[in-house]
Amino acid sequence: VWYDQINFIEDVGKEGINRFGGWNKGLDDPEYCFAHRTADRAIDVMKSRNRSQPLYLAVDFDEPHGPYICPPPFRGRNHQEDLPVPETFRMEMGAKPQVQKDHSEYLAARRPTPDTYPRYYHKYYDCNEFVDSEIGRVVEAAVEQLGENTVFIYTSDHGDHLGHFGLQPKGPTMYEATTAVPLIISGAGIDRGVRSQALVSSHDIWATVLEIAEAHTSDIQSLKDPAYWGRSLRPALSGGDTEVHKAVFIEYNRFGIGTDGAGEFFPIRCVRSGDWKLSVNLFDTDELYDIKADPLEKYNLIDDPASAAARNKLHDLL
C-alpha cells in the first residue's frame, strides 16, 4: 500500500498559516502526524495480509525531519539548554573546502549570534522520541501478527550534522555525522548482541533480504550485473571480523549552500576504506581523513605528504 507525503498532505489538508497546512495540527493530535498515519497503514497491512504468503514490508518515516512536528507527550520533552553541543561547533575550519566554510557562515548569520546553538534542535530530539514510539507500534504489531519468523532491518537515508563545524541537517559534506547511518538487523535466525565494524552500504540491504528470505538469487538478473555490487550481510551478522567490502562509496549531487536552488550544483564522490576516507569535491578542495586518529574529522590531510600513499590508494579505488 503506497503512502507518501503527497497522500498525507491530501489527507490532513492544505489549509493553514504555512505550507505545512494541516500537519500543524500534529502539534496537538498524533492523527495529523505523518509517522502516526504511516504506522497505522503498516499495521493494517499486517492485519489484512494473506497469511499463506510471505510478506516484505517497507515502512518509511519522515520524522525526525523538519518541520519537527510531533504531539504531546513528546513535544517539549527536550530543552535547548540540555542539548549536547559538538566540540567542533565553532571550530576554525582550516583546510576545509570553501563551500563548507561558506555554508557554516551562511547558517551562523541566521542565528541570533554565531555562537548560539541552533534553536530548533530540541524539536529534533522531541521528534526522534516520537518516531521511536511509532516504530515501536509497528514492531509490536509485527511480533503479534507475523509471529517469530520475522526479521527487522532498521536504517536511515542520512544523518544530521547537529552543529558539527556549525553545519545543520545534511549538506555538501561526507562527515560521519551524516553518512554513518544506523543499521540494525534483528529477528529470526539472527544472533543477538552482535556488533560489527564491517564496512557496509545500503546497496547490501537488498542482497541481505533476498538471502534471509532464501530467494533464488541466481535467477535475478540484476544481481548478475557487474554494476550491482551489493553483498549479503548474513555472514557479518554472526560476529567476528567478517569483511563485507574493502571499500564503500558515497555520492552527493545537490546544492552547495542553503537549499535546492541556492549555492549551485556541488557534486562529491567519496570512498571509505579501513580507517581512511577520501572525498573528491569537483569544484573545491578535496578532503582526506584518518578516522581512527581523528574521529571528528577535524583535520583535512589532503596535502599532507605523510598521508600521500593512503590518499593515492583511495583515489585509485574511486
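The values are calculated or read from the model by the stated rules, or taken from the named source; none is laboratory data. Owing to the predicted nature of the structure, the values given are computational and were not obtained by experimental measurement. Neighbour counts run over all protein chains shown; Cβ positions are idealised from the backbone, glycine included. The protein model used for the area step is the full one, side chains on, heavy atoms only, and it has no ligands, DNA or RNA in it. Shrake-Rupley method; radii C 1.70, N 1.55, O 1.52, S 1.80 Å.
All conditions in (1) modelled with pLDDT of 95 or more; (2) touching a helix residue (DSSP H, G or I) at 6+ places or on another chain (Cβ under 7 Å) hold for PHE266, with the sole exception of (1). Checked against (1) buried (at least 16 other Cβ atoms within 10 Å of the Cβ); (2) over 23 Å from PHE74 (Cα atoms), ILE43 passes all but a single condition, namely (2).
Residue by residue through region 75-89, note down the ones that are more than 13 Å from HIS161 (Cα to Cα) and in a loop (DSSP other than H, G, I, E, B). Before the answer, list the steps.
From region 75-89, those more than 13 Å from HIS161 (Cα to Cα) are 75-83; that's our starting set.
Matches in region 75-89: ARG75, GLY76, ARG77, ASN78, HIS79, LEU83.
Using the structure shown, decide if ASN253 is modelled with pLDDT under 95 and either crowded, with 19+ Cβ neighbours inside 10 Å or not in a loop (DSSP other than H, G, I, E, B) (or both). Against the criterion (modelled with pLDDT under 95 and either crowded, with 19+ Cβ neighbours inside 10 Å or not in a loop (DSSP other than H, G, I, E, B) (or both)), ASN253 qualifies.
Filtering region 268-282 to residues that are hydrophobic (A, V, I, L, M, F, W, C), open to solvent by 10 Å² or more (accessible area, probe 1.4 Å) and part of a strand (DSSP E or B) leaves TRP276, VAL280. Give region 127-185 a look and list any residue that's over 30 Å from GLY256 (Cβ atoms), of a type in the set (Val, Ile, Thr) and touching a residue at least 60 places away in the same chain (Cβ under 8 Å), or say none. Within region 127-185, ILE135, VAL138, VAL151 qualify.
The residues in region 96-122 that are in a loop (DSSP other than H, G, I, E, B) and touching a residue at least 12 places away in the same chain (Cβ under 8 Å) can be counted, and the count is 8.
If you go through region 134-178 one residue at a time, how many are assigned to a helix (DSSP H, G or I), in contact with a helix residue (DSSP H, G or I) (Cβ under 7 Å, 6 or more places away or on another chain), within 29 Å of ARG119 (Cβ to Cβ) and aliphatic (A, V, I, L, M)? So that I can check it myself, show each step before the final result.
Within region 134-178, the first condition is being assigned to a helix (DSSP H, G or I), and the residues that meet it are 134-146, 164-166, 176-178.
Restricting the remaining residues to those that are in contact with a helix residue (DSSP H, G or I) (Cβ under 7 Å, 6 or more places away or on another chain) gives 134, 137-138, 141-142, 145-146, 164-166, 177.
Subset that is within 29 Å of ARG119 (Cβ to Cβ): 134, 164-166, 177.
With aliphatic (A, V, I, L, M) added as a condition, the list becomes 177.
So the answer is 1.
When PRO97 is tested against (1) surrounded by 12 or more Cβ atoms within 10 Å (Cβ to Cβ); (2) out of contact with any strand residue (DSSP E or B) (no Cβ under 6 Å at 6 or more places or on another chain), just one condition goes unmet, and that condition is (2).
Consider region 47-86 and keep the residues that are of a type in the set (A, V, I, L, M) and out of contact with any Gly (no Cβ under 8 Å at 6 or more places or on another chain). The one that is surrounded by the fewest Cβ atoms within 10 Å (Cβ to Cβ) is ALA58.
Annotation note: Cβ proximity below 6 Å between a residue of region 192-209 that is under 16 Å from THR242 (Cα atoms) and a residue that is buried (at least 16 other Cβ atoms within 10 Å of the Cβ) and among the polar types (S, T, N, Q) (sequence gap 6+ or interchain) occurs for THR208/SER232.
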